[in-house]
Amino acid sequence: MKRLKTLEINGFKSFQKKTVLDFQVPIVCIVGPNGSGKSNVVEAVRFVLGEQSMKSMRGKQGADLIFKGSKNLPKSSRAYVSIYFNNSDKVFKLPDEEGKNASLGYDTVSISREVYPDGVNKYILNGGEARLKDVNSLLSSVNIGSSGHHIISQGEADRILSVNPKERKEMVEDALGLKIYQYKIRETERKLERTGENMKEVAMLRKENAPHLRFLQKQMEKAEKARDMRVELLSLYKEYLKKESAYLEKESGELTAEKRRISSELEVLRKKIAGTEEKNISEEENMKELGALERRSAELRKAKGELERKLGRLEGILEMEKERAKTAGESRVLSPEAAEEAIREIDFLLEEADGLETLSEIRAVLERMRSVMDDLRRQSGPEQKPDDGKMEELEKSRKEISEEIEKMAEEEEEAANKAEELRKENREKLEKLREAEKERFGLRMKEQELSSALELLSVREENLVREKGDFENEIREGAPLVGQEIMSYKHSSADGEDGREYREEMRKKIERIKIKLEDAGAGGAEIEKEFKEATERDQFLEKEMEDLSESIKSLEALMADLKNKIDLEFKEGIKKINAEFQKFFELMFGGGTASLKVVVENRNKNRRNAEEEEEEIAEEEEESEPEQGIEISVSLPHKKVRELHALSGGERSLTSIALLFAMSQVNPPPFLILDETDAALDEANSRKYGDMLEKLSSRSQLIVVTHNRETMSRAGILYGVTIGGDGGSKLLSVKFDEAVAIAK
Ligand code: ATP
């Protein structure tokens, strides 16, 4: 199949007018005088295929590629070249959006490139603007490498011989279609590098985040602990408040009942005490009566005494009167002895009377004193004759007084009896009083007790009020910590009866947790959110890290794969090239041997001083892979020459052509352009060259720029290029003879 169809040149270099070349035959020759623009045609092909090197198109900048005008022709506004390929077999491929190669549906693929004076380039694929990358991948799908090994410019054939082994290797690799793998390797390397950088970045981000994450982690742990503590606190609260409220209710009930009981008891008691005090008053009345009686007795005694003394005197007088009646007229003198005797007697009686108690005793003493007195009177006074009337009167008085005394004595006795009775009564009363006193004392004691108990109750009441206050406080303080559930502490009658100590213990526990909670601080929800975000971020980064290291692994695997592939295909390719090289060489020289040899380049050929070398070694180790190159070894028939530089110009030319042709046969490109590769050949070698062209043309279309008649004779189409009087190149299809004429 003739892959290459046509080439259109417009405003490119010397081609001012639109010029169309048709390539529907195996060999197309372009002939023309020097400077007519033949090489510009070759460069137009390079250009449209995406050549980036200005040098290889003999220009410095984009503008140099645009027809710059002549005496009679205006300069072009742009250079525009299009190339058309047959794609009826749909072999052209382009990577789709997912990067997979997809066949292009057009039967004809057209690629165009424009360049403007400002250097701006435009690529167009089948009418649509495209990227250079697309052009490259499209071409690589038909073995047209971007390095352009399929275009051998004037004087370039020799290049494959003159370059160094490393460069030669690159040319061979390109011919073998390995460039695409190398691009891939380079791309993979870049990806690896980017991935490594990303990993570093991610690792750094994680490292940066780590302290904050740790901090949040700790906060979270604290918050979790706080949550646990709150749960514990709530259950403690419920238990405690239940017990406490049970206690408070019980205590309050007890206090009320106790108070009522004691108060009523106290009331009864106080009434009793008041009752005992009334009895006291009645006793006093009794005492008054007794006093009155005693006073009356004393009065009676006094009055009776006076009466008795009166009676005594009266009786004495009566006695004396009686005596006087007996001894009337007699005078008597009292002897001193008798007087002294009488005084002593009276003194004695007085002394005796002093110790007496009872009335009768006193009376007896008084009687004896009276007789003493009577004796004295009798012994001293003159005797008179008693008057009978007077005697009677005296007798009457004596009787009256005696009766009075008698009466008084009776009354006295009565009073004495009454007093005795009263005293007895009083004694009994006193006894009763003492008992009552005792009872009252007892009652007072009891009252005291009850009052104290009451006081104690009020202390307990105060305590209860305080405890109730504490209880409510506890709820107020607890609610913000554990929520409203704190109110669900309701106790049942079955609860309670836990000692104060137990409740106190619980309260202490609660207190301890509250302090811990205060320490733990607030902000649970916020921290949780932040922690979640930070963790998710970290996990995301971790996942990213894993992904990155995964992709590094797969990139490295891909790399190894690619290197392997290159290695393999390179070795295979070298073998194939060598086989072809040998054939072409033999064909050219009628014998001899030629082959390519892969060598490892010693990059330290030019030894520097030792110090530098050490540094170099370190650098080399990093680069690790030794650089390979390709050397050519030839042996001409019947000659000993083996060194390339010792070959003649023609020999060099033939050798390089043989090698280039051999290279092109491994992965034959759809077309080969040879720009005066045959310039150095003599007639005999020109024929051999022509034979080779024909051989080659079975697999690749050939576009040959030549002055060689032998070469021209092998062409299917001959184009003559001339430079007109207007300064623009002209192209015309010519016959062989015309061509021979034009070429001269
Ligand atoms: P030879 O056979 O000697 O190699 P050739 O036929 O290959 O010659 P080219 O080298 O292709 O000729 O053409 C060179 C000619 O193209 C020169 O005359 C040059 O002035 C002309 N040329 C190059 N660039 C431009 C341009 N931008 N505008 C006009 N003419 C140009």
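Every number in this text was worked out from the coordinates using simple rules, so none of it is lab data. Predicted, not measured: the structure shown is a model, and the values here were computed from it. Cβ sites come from the backbone with ideal geometry, for glycine too, and all protein chains shown count toward neighbours.
Estimated from helices alone, the mean residue ellipticity of the chain at 222 nm is -22500 deg cm²/dmol (sum of -39500 (n - 2.57) over DSSP H runs with n ≥ 4, per residue). Take every DSSP beta bridge whose two residues both sit in the chain; close to 75 percent of them are antiparallel. Taking the Cβ of residue 135 as the center, what net charge do the other residues with Cβ under 14 Å away carry, scoring Lys and Arg +1 and Asp and Glu -1? Around residue 135, the surrounding residues sum to +2.
Ranking 62, 162, 527 by how far each Cα lies toward the positive end of the dipole of the chain (charges on Cβ) leaves 162 at the top. Each Lys or Arg adds one and each Asp or Glu subtracts one; over the other residues with Cβ under 11 Å from the Cβ of residue 648, this totals 0.
Stretching the chain fully between residue 399 and residue 118 yields a gain of 81.9 nm (0.36 nm per residue, less the alpha carbon separation). The long axis of helix 388-482 is offset from the longest Cα principal axis of the chain by roughly 0 degrees. Cross-link partners of residue 288 among lysines, defined as those whose alpha carbon lies under 22 angstrom from its own and excluding same-chain residues fewer than eight positions apart: 279, 302, 418, 424, 429, 432.
A Förster radius of 25 Å, combined with the Cβ-Cβ distance separating residue 511 from residue 231, puts the computed FRET efficiency at roughly 0.90.
Residue ranges 49-62, 726-739 sort as 726-739, 49-62 when ordered by packing (mean number of other C-beta atoms within 10 Å per residue, highest first). With all distinct Cα pairs included, what does the Kirkwood hydrodynamic radius of the stretch 1-106 come out to in Å, to one decimal, could you say? About 15.6 Å for the stretch 1-106.
Each Lys and Arg adds +1 at its Cβ and each Asp and Glu adds -1 at its Cβ; summed about the Cα centre, the chain shows a dipole of about 10020 debye. Extension gain for the segment residue 470 to residue 274, taken as residue separation times 0.36 nm less the Cα-Cα distance, is 66.2 nm to one decimal.
If you take the beta carbon distance between residue 100 and residue 487 as r and set R0 to 51 Å, what does 1/(1 + (r/R0)^6) give as a FRET efficiency, to the nearest 0.05?
0.15
So what's the chain giving for Cα Rg divided by 2.2 N^0.38 Å, two decimals?
Relative to the rule-of-thumb radius for its length, the chain sits at 2.96.
Listed values for the stretch 656-673 are Karplus-derived 3J(HN,Hα) couplings in whole Hz (6.51 cos²θ - 1.76 cosθ + 1.60, θ = phi - 60°), namely 5, 5, 4, 5, 4, 5, 4, 4, 6, 8, 6, 10, x, x, x, 8, 10, 10, and x replaces Gly and Pro.
Go through 468/490; 179/688; 60/93 and tell me which ones have a Cα-Cα distance over 24 Å in this structure. In this structure, 179/688; 60/93 exceed 24 Å between Cα atoms.
What's log10 of I(q)/I(0) for the stretch 208-462 at q = 0.10 Å⁻¹, Debye sum over Cα points only, no solvent? With no solvent term, the Cα-only Debye profile gives -0.81.
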